[in-house]
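Below: one structure, written as structure tokens.
A short reminder: the numbers here are calculations on the coordinates, not readings from a lab. This structure is a prediction, so every number in the text was calculated from the model and none was measured. Please note: Cβ atoms are built from the backbone with ideal geometry, for glycine as well, and neighbour counts cover all protein chains shown.
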Amino acid sequence: MTQTLHTPTADHTAATHPAYDPTPSIPRLLTELVQEEFWTRYATIRGDAEAFHPDYAADRKRTALLLRAVIADLAALANPADAHHAAQTAAAANALRRADCQMPLPAKAARAWLRDQYQQHLEDEVPHPPNCPGGCQGSGFVAEAVIWQNDGTPVHAEPLTCLRGEEDDPHAPDCTGCHGTSKKYDAEFGEYTMCCTYAPDPAYEHTPTPAHRADPWSTLPDDWYLDEPPF
Ligand SMILES: [Zn+2]
Ligand SMILES: [Zn+2]
């Protein structure tokens, strides 16, 4: 495994050389984080957390610490000049190291270590809890239909990344793969295939666009705030 190590003079390289490939979705990471600790936290409030095996609880806590640090790292990478986010990321990474009973590292080393830990998490044979609400039993994969006939009948299923029982966010109309339908039409075979990755088109223009408004997404009239309340 290749670990990205930053040279002392390469602060700006984080922006030009992505530390994560592909870049994780922060909304998905938040879903993962919440799902990781939900049951153990609920059991703690209910007063029967001891019902969980200590290893199960420790795994959940560690994964939650990992994911929150990765979210902080992504925020820091979005603005490499912001030392505050970088410091917060290092603190979050070192919180994970403490959970591993390891000594804290300096900021850059802690972030490099964090990315390596996240890659290992992705490659883990059991990345999800055994009671994952997505039904993967810990494997991180579930069989899902990926090809449908014209009438919507599924014709082929493949193991896909388990979404932990929560639907993924829908693709917006600017998705170059599916234009917001989340399915792509294969004219050769007369079938629909799943659009797996939201790929926004930077040149996409929403239509119709109200030319007189600064916010092209708004459909409210200019003087909406002057209207009398409906009561
Ligand atoms: Zn799962
Ligand atoms: Zn799409």
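Neighbour counts of other Cβ atoms within 10 Å put Asp186, Asp151 in the fewest-to-most order Asp151, Asp186. Over segment 13-123, all Cα pairs binned in 10 Å intervals from 0 give whole-percent P(r) values of 14, 44, 30, 11, 2, listed from short to long.
Annotation: amide H-H contacts under 5 Å for Gly180 (H modelled 1.01 Å from N, sequence separation of 5 or more, or interchain): Cys175. Summing +1 for each Lys or Arg and -1 for each Asp or Glu among the other residues whose beta-carbon sits under 12 angstrom from that of Glu166 gives -2. Each of Cys196, Cys132 has some number of other Cβ atoms within 10 Å of its Cβ, and from fewest to most they run Cys196, Cys132. With coordinates expressed along the principal axes, the C-alpha atoms belonging to segment 127-205 extend over 42, 30, 15 Å, beginning with the largest.
Tell me, what is the percent relative contact order of segment 54-176, built from C-alpha pairs under 8 Å that lie six or more residues apart?
On the way: 137 pairs, mean separation 19.1, N = 123.
That works out to 16 percent.
Among Phe189, Phe38, Phe52, the ranking by other beta carbons within 10 Å of each residue's beta carbon, starting with the fewest, stands as Phe189, Phe38, Phe52.
In summary, the lysines within cross-link reach of Lys61, defined as a Cα separation below 25 angstrom excluding same-chain residues under 8 places away, comprise Lys108.
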